[in-house]
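Take a look at the structure below.
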Amino acid sequence: MGKTLSLDLRERVVGALEDVASCRAAAERFGVAASTAIRWVRRWRERGTLVAGTRGGNRRSHRIDAHREMILALIEEEPDLTLIEIGERYLVGLPLSEVQIGTLLAEIVTGATRHQVRMPTDFTMMFKAILTTEGM
């Protein structure tokens, strides 16, 4: 992913549409990709601003933050617990209706794909059947 381009450049590209007939011509004039110019014009028309949105950041910590107090209490009791042991203790006694198996399996498949891990065909078929059953 490229770097965020300046607000000044964005304004000049969108402003150039008064002089030229198309987004592609404006993009060529300022040396940006046509798709970028088209996206900036759409943003201007829909939002009325050309300010860049936020990039990156932590999108997953809320999942574990919801269990923060329980995890810290377990670690305080036994400081050398591993993450797997914490997971095992947390899931013990948890009703199966509260365990989101489909989400868990979807995350496993996503992780395997991301890290190019080849999964046995039987597992893949089982995951697909469970995800279909749960309506994911």
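Before moving on, here are some points about what is shown:
- Number of residues in segment 108-128 that are of a type outside the set (D, E, K, R) and surrounded by 12 or more Cβ atoms within 10 Å (Cβ to Cβ): the value is 8.
- Listed here are the helices (runs of 4 or more DSSP H) enclosed by segment 1-98 that have at least 1 residues being modelled with pLDDT under 85 and surrounded by 13 or more Cβ atoms within 10 Å (Cβ to Cβ): 68-77, 83-91.
The values are calculated or read from the model by the stated rules, or taken from the named source; none is laboratory data. Keep in mind that this is a model prediction, so the values were computed, not measured. No Cβ is skipped: glycine too gets one built from the backbone with ideal geometry, and neighbour counts run over all protein chains shown.
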